[in-house]
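Heads up: the structure comes next, in structure tokens.
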Ligand code: 48N
């Protein structure tokens with residue numbers, strides 16, 4: 001059924017024929033209806049059928065889910081470290097299929113605000129070079145720089161990462177386990193991640209047997225932070241699976257010790273798993289740095305280098 005109706009448009013504007021979009025396969029297109037960007041009360045959209053919206057989303061999401069079941073790199077956590085890693089890795093290796101898994105609906109982790117919910121973000125030099133590279137303006141205070149709002153960094157790095165053709169991000173999706181394979185020498189290697197919708201992962205106590213999904217990848221980068229509902233996820237899982245004897249547990253705040261320790265400690269902590277950002281402070285027992293973010297950016301970049309080394313082995 002496809003009918004053409006005409007709609008008188010008020011305020012003396014011309015009358016535009018608007019063709020209703022029946023489900024008989026007629027696809028709405030802009031030339032089916034004069035679309036009016038008229039803010040005098042006559043704003044008009046091209047016609048659509050609700051099912052088209054659903055199909056546009058479902059087709060894309062599940063196609064990428066199918067294609068990314070085998071990825072080259074999975075990055076767990078889209079906070080400042082994970083996103084900085086994704087940016088540098090995707091830019092350096094556009095051939096790699098990089099899949100980011102982020103448990104929250106809103107990616108960005110703790111980098112939407114500075115300290116104590118205040119808005120400015122402090123970044124110690126030389127990490128300001130990363131801000132310059134991605135195009136985030138800042139005020140220079142000598143030994144450090146200040147981004148006027150942390151969200152300016154996070155929204156910029158997010159937009160840069162999501163614009164990269166080889167990057168797919170699945171937010172509201174949790175990594176709830178690691179794929180660990182044992183080779184013929186008995187050596188265990190992380191070979192991918194186990195995923196579920198975050199709302200499911202957080203409700204395993206309310207409904208049993210809600211089994212997960214998997215993504216296999218020769219390299220997993222874990223950047224799940226030190227707090228939050230699933231903070232330090234991989235570090236804790238390494239302990240419970242016996243791949244790590246015990247957690248180092250993050251130590252008290254010491255900016256001058258913490259930031260170089262996190263950057264220089266960024267590494268492949270077990271075969272196939274690179275760890276970066278504040279999750280590393282829980283793994284290694286290094287200090288926390290508090291409301292300064294340069295180490296997250298530099299650690300993310302180093303994790304990208306570690307991943308490239310690992311993949312080239
Ligand atoms: O921002 P975070 O928490 O982690 P980082 O390491 O990127 O940045 C840490 C930084 O914000 C600080 O904590 C600052 C520097 N403060 C230091 C201090 O001394 O207090 O991002 C981690 C992301 C979050 O978005 C989580 O939702 C996500 O990881 N996440 C997960 N995503 C998927 N699966 C999981 N299991 C999971 N766990 C956490």
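Go over the candidates 230, 250 one by one and state the one that is within 11 Å of the ligand (Cβ to nearest atom), modelled with pLDDT under 95 and within 24 Å of the chain's Cα centre (by Cα). Break it down stepwise before answering.
Numbers: 250 fails: modelled with pLDDT under 95.
Only one candidate passes the filter, namely 230.
Name the strands (runs of 3 or more DSSP E) wholly inside the range 181-240 in which the number of residues that are within 24 Å of residue 284 (Cα to Cα) is 1 or more.
188-197, 219-222
Residue check, residue 95 against (1) within 13 Å of the ligand (Cβ to nearest atom); (2) in a loop (DSSP other than H, G, I, E, B), all met but one. Which one?
Tallying (1) within 13 Å of the ligand (Cβ to nearest atom); (2) in a loop (DSSP other than H, G, I, E, B), residue 95 fails exactly one: (1).
Scan the range 256-272 for residues that are touching a residue at least 60 places away in the same chain (Cβ under 8 Å) and within 13 Å of the ligand (Cβ to nearest atom) and jot them down. Show your work before the answer.
We begin by selecting, within the range 256-272, every residue touching a residue at least 60 places away in the same chain (Cβ under 8 Å); these are 259, 270-272.
259, the sole residue that qualifies.
Collect the residues in the range 127-144 that are touching a residue at least 60 places away in the same chain (Cβ under 8 Å) and part of a loop (DSSP other than H, G, I, E, B), keeping them in residue-number order.
Within the range 127-144, 127 is the sole residue that qualifies.
Only one residue in 131, 152, 89 is more than 14 Å from the ligand (Cβ to nearest atom), at pLDDT 95 or above, surrounded by 22 or more Cβ atoms within 10 Å (Cβ to Cβ) and farther than 24 Å from residue 218 by Cα. Which one? Give the derivation first.
Details: 152 fails: surrounded by 22 or more Cβ atoms within 10 Å (Cβ to Cβ); 89 fails: farther than 24 Å from residue 218 by Cα.
On inspection, the qualifying residue turns out to be 131.
Restricting to the range 298-313, give me the number of residues that are within 14 Å of the ligand (Cβ to nearest atom) and farther than 15 Å from residue 261 by Cβ.
3
Would you check which residues across the range 176-215 are over 17 Å from the mean Cα position of the chain (by Cα), within 16 Å of the ligand (Cβ to nearest atom) and buried (at least 17 other Cβ atoms within 10 Å of the Cβ) and list them?
Answer for the range 176-215, where residues must be over 17 Å from the mean Cα position of the chain (by Cα), within 16 Å of the ligand (Cβ to nearest atom) and buried (at least 17 other Cβ atoms within 10 Å of the Cβ): 177, 178, 179, 180, 190, 200, 201.
Kindly indicate which of 308, 296 is buried (at least 24 other Cβ atoms within 10 Å of the Cβ) and either assigned to a helix (DSSP H, G or I) or touching a residue at least 40 places away in the same chain (Cβ under 8 Å) (or both).
After ruling out the rest, the residue left standing is 296.
Determine which member of the set 41, 22 is assigned to a loop (DSSP other than H, G, I, E, B) and at pLDDT below 90.
22
Being more than 16 Å from residue 193 (Cβ to Cβ) and near the ligand (Cβ under 8 Å from one of its atoms) is the requirement here; does residue 289 meet it?
Values: more than 16 Å from residue 193 (Cβ to Cβ): yes; near the ligand (Cβ under 8 Å from one of its atoms): yes.
Judged against the criteria, residue 289 is a match.
Has the range 47-68 got at least one residue that is assigned to a strand (DSSP E or B) and in contact (Cβ under 8 Å) with a residue 12 or more places away in the chain?
If we filter the range 47-68 for residues that are assigned to a strand (DSSP E or B), which is where we start, we get none.
Checked the range 47-68: no residue is assigned to a strand (DSSP E or B) and in contact (Cβ under 8 Å) with a residue 12 or more places away in the chain.
Looking only at the range 255-284, how many residues end up being assigned to a helix (DSSP H, G or I) and closer than 17 Å to residue 236 by Cα? Working first, answer last.
Pass one, the range 255-284, residues assigned to a helix (DSSP H, G or I): 255-265, 279-284.
Next cut, closer than 17 Å to residue 236 by Cα only: 279-284.
Adding up the residues that qualify gives 6.
Write out, first by first residue and then by second, each pair whose Cβ atoms fall under 6 Å of each other, whose residues are 6+ apart or on separate chains, and whose first residue, in the range 99-112, is in contact (Cβ under 8 Å) with a residue 24 or more places away in the chain and closer than 22 Å to residue 217 by Cα while the second is within 6 Å of the ligand (Cβ to nearest atom) and not in a loop (DSSP other than H, G, I, E, B).
Partner pairs satisfying both residue conditions: 101/76; 101/175; 103/174.
The values are calculated or read from the model by the stated rules, or taken from the named source; none is laboratory data. Computed from a predicted structure; not experimentally measured. For neighbour counting, all protein chains shown are included, and Cβ atoms are generated from backbone atoms with ideal geometry for every residue, glycine included.
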